[in-house]
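The values are calculated or read from the model by the stated rules, or taken from the named source; none is laboratory data. Computed from a predicted structure; not experimentally measured. Methodologically, a virtual Cβ is constructed for each residue, glycine included, from the backbone with ideal geometry; neighbour enumeration extends over all protein chains shown. Side chains included, ligands, DNA and RNA excluded: accessible areas come from the protein's heavy atoms. Shrake-Rupley method; radii C 1.70, N 1.55, O 1.52, S 1.80 Å.
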Amino acid sequence: MRKQKLRPLCALLAVLLPAACGCAAPAQRRPPTPTTAAPQRVVELETVMTPEPAPDVQTDVTAGPVLRERPVYDPLRLPEYAKAFLGDALCDYYAVIAAIEAGETSVQLSGRTDFARVERTIHALYAPKMLLYDVKFFEGEGPFEYTDDTGCLTIRYVYGRETHLALIGAFSERINEALSQCRAGASPEEWAEALFLWVVENLRYVLDMRLTVYDAVTTGSAYCQTYAELYQLLLTQAGIPCYLVGGSVDLDSDGIADGEHEWNRLWLNGAWAYADPTWDRGDLAFYAMTHDECIRSGHLEPYLDPCDALLD
């Protein structure tokens, strides 16, 4: 029997939404008393308020083919919207990620693209970024030093090369453990469900907005944003389109917003569906929801696309 876990709280990171908060699941399925976290420093980002966006997915994915081989973790794999955002900088992004994976301290880039796009994508979507020195700019320096005229990028790390490579390997191994839930020959829909259950059953809720996807993968600790981000990472690895979705939630079914939250929108059976791994308890009660079902479960409109906003 799958373990039943109560997650009375969830919070949305301030860098993604205009306010940080805490919330619990709807009254009929989760503890009724929410606790609001202290507001964090706000970085204003443009958001896309589109409850049902037109699919921006690859043809072979939208067609719903049978996938013959289970996915294997590839740190270079990106969602399509990130590739579009990077544009001409895509090759430079690949070069930087390959260098980080190898623990290299410098890499030569083309010098013809906007490195800011590369850096922004790394911060948004590359989970092992936490192995980079001062990645959150607490010291005001950051891990990168880029010279425009030469195209040379210097990279600094938290650990020495041997430890760094060991940690990169451990992260990849854990992601592949999750991806092993995808049976060879199964459909994308079966893969999406298996990965959803893996996230639900392998994470524990902790109201700490300092937690990252790297923490979720390596320690199992997560809050709503990191639940949703890890699920998106796994679906991206499986070739299944997925977005982060954030917005207000109604905790006591009175129609009034009580807090902020984050969940997922994914492409299933030729249509967008919604999934909330933070609130689910392994019974799929918050999985593959239609738009109307998502509203009835306590997720209030309008929805925001914070992941898109990071790359907009």
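All but one of (1) under 19 Å from residue 226 (Cα atoms); (2) open to solvent by less than 50 Å² (accessible area, probe 1.4 Å); (3) of a type outside the set (S, T, N, Q); (4) assigned to a loop (DSSP other than H, G, I, E, B) hold for residue 129; which doesn't?
Answer for residue 129: the failing condition is (4).
If a residue has to be in a helix (DSSP H, G or I), open to solvent by 40 Å² or more (accessible area, probe 1.4 Å) and not basic (Lys, Arg) to count, how many in the stretch 74-86 make the cut?
Adding up the residues that qualify gives 2.
Considering only the stretch 250-272, state which residues are within 22 Å of the chain's Cα centre (by Cα), of a type in the set (Gly, Ala, Ser) and farther than 15 Å from residue 188 by Cβ.
Hit for the stretch 250-272 is 259, nothing else.
Report, by residue number, each residue of the stretch 137-154 that is in a strand (DSSP E or B) and buried (at least 16 other Cβ atoms within 10 Å of the Cβ).
Residues satisfying the conditions are 144, 146, 153.
In the stretch 95-126, how many are open to solvent by less than 10 Å² (accessible area, probe 1.4 Å), closer than 21 Å to residue 229 by Cα and not hydroxyl-bearing (Ser, Thr, Tyr)?
Result for the stretch 95-126: 4.
Please report, ordered by residue number, the strands (runs of 3 or more DSSP E) entirely within the stretch 216-312 with at least 1 residues that are in contact with a strand residue (DSSP E or B) (Cβ under 7 Å, 6 or more places away or on another chain), surrounded by 24 or more Cβ atoms within 10 Å (Cβ to Cβ) and among the β-branched types (Val, Ile, Thr).
242-249
Is the stretch 93-110 home to any residue that is modelled with pLDDT under 95, of a type outside the set (S, T, N, Q) and outside any loop (DSSP other than H, G, I, E, B)?
No.
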